[in-house]
1. Convex hull over the alpha-carbon atoms of the chain: what's its volume per residue in Å³?
2. Expressed as a whole percentage, what fraction of the accessible surface of the chain belongs to carbon and sulfur atoms when a 1.4 Å probe is rolled over the protein heavy atoms?
3. So what's the net charge close to ALA58: Lys and Arg +1, Asp and Glu -1, counting the other residues with Cβ under 13 Å from its Cβ?
4. Return, ordered by residue number, the residues of segment 45-61 whose backbone nitrogen is under 17 Å from a label point located 7 Å along Cα→Cβ of ARG9.
5. Can you list the residues of segment 70-92 with backbone N under 17 Å from a point 7 Å past the Cα of ALA101, pointing along Cα to Cβ?
6. Which of the peptides 37-48, 66-77, 110-121 is most tightly packed, and how do the rest follow, judged by the mean count of other Cβ atoms within 10 Å per residue?
7. Run lengths n ≥ 4 of DSSP H only: what is the helix-derived mean residue ellipticity at 222 nm for the chain, with -39500 (n - 2.57) per run over all residues, to the nearest 500?
8. So what is the diffusion coefficient of segment 76-116 in µm² per second by Stokes-Einstein at 10 °C and 1.306 mPa s, using a Kirkwood Rh over Cα pairs?
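The values are calculated or read from the model by the stated rules, or taken from the named source; none is laboratory data. All of these numbers come straight from a predicted model, not from anything done at the bench. Virtual Cβ from ideal backbone geometry, glycine too; neighbours counted across all protein chains shown. Please note that ligands, DNA and RNA were not included when accessible areas were found on the heavy atoms of the full protein model with its side chains. Shrake-Rupley method; radii C 1.70, N 1.55, O 1.52, S 1.80 Å.
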Amino acid sequence: MTVMVPTTRPTAPWRDRLVAATALTLSLAMGPLPLRLKLAAVRTLRGLPYARLARLEALYTAVQAVIPSWWPGRIACMEISLATVIATALTGRQTRWVHGARFLPDAAHAWAEVPDGAVGRDTGDAVDRPWTPVLAVP
């Protein structure tokens, strides 16, 4: 018999959750747009200074904390990483939005990173099959 244990939602300060909720809303609103338009929007953040890794991790946790359980659509790595990039931009900093791939089996993934490190890249199963960055914006 298999027993499903509910996972706990991450917690974050209310200010980070407010920024994250706004960013997630924008990310989901951009969902139907072609990827080239999303990339163009992220490229406009080029002039901002990079965020610190600790701040990026805090905003990533806040985005995960505000994901609604009732949402009928897709909220996966692409939407979460884009929301993290937008949330960082709303705080006056920038991050890179990275799209990557790996082989055997083939898979695609998206994450956010700064020069000090990344969030959302290691999903637990990538120890022997690391992600290869294919596109990094800005």
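1. Given the Cα convex hull of the chain, per-residue volume reads 137 Å³.
2. 61 percent
3. Here the charged neighbours net out to +3.
4. 59-61, by backbone N distance to the label point.
5. Within reach of a label on ALA101: 78.
6. 110-121, 37-48, 66-77
7. That comes out to -12000 deg cm²/dmol.
8. On the way: Rh = 10.9 Å.
Calculated translational D: 146 µm²/s.
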